[in-house]
Amino acid sequence: MPASVNERVNKRREALRAAGLRPLQIWIPDLRKPGFAEECRRQAVLVALADGQDDDLQSFMDAALVDDASDE
């Protein structure tokens with residue numbers, strides 16, 4: 001008889017624990033929630049406005065890009 005789903009899951013979890021890993025539960029925003037997309041847009045606009053007011057941001061990003069390319 002094949003192993004039940006619970007048995008297979010437990011076996012997999014034990015193998016992961018034996019490999020030195022541990023389970024972790026995280027909570028994330030519910031993308032299906034009404035208003036979620038609008039809130040994302042609102043926050044994106046705020047970030048864009050703040051970025052537009054930061055004169056040093058583009059220089060910083062250019063320097064980071066050059067630094068990253070030299071690592072390759």
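FYI, it's all coordinate maths here, none of it is from the lab. None of these values were measured; they are calculated from a predicted model. Reconstructed Cβ throughout: ideal geometry from the backbone, glycine too, with neighbour counts over all protein chains shown.
With a cut-off of 12 Å between beta carbons, the residues surrounding PRO23 carry a summed charge of +3, where Lys and Arg count +1 and Asp and Glu -1.
For n ≥ 4 DSSP H runs only, could you compute -39500 (n - 2.57) per run for the chain, divide by its residues and tell me the 222 nm figure to the nearest 500?
-20500 deg cm²/dmol, from helical runs alone.
One way to sum up the overall shape of the chain is the equivalent ellipsoid from its Cα gyration tensor, whose semi-axes run 43, 25, 9 Å, largest first.
Available extension along the chain between ARG13 and PHE60 is 12.6 nm, counting 0.36 nm per residue and deducting the alpha carbon span. Taking Cα atoms only, the orientation of helix 5-18 departs from the longest principal axis of the chain by about 60 degrees.
At an R0 of 35 angstrom, the distance between the Cβ atoms of ASN6 and ASP30 translates into a FRET efficiency of 0.85. Considering only ALA64, PHE36, ALA48, the residue lying farthest towards the positive end of the dipole of the chain is PHE36, judged by Cα position with unit charges set on Cβ.
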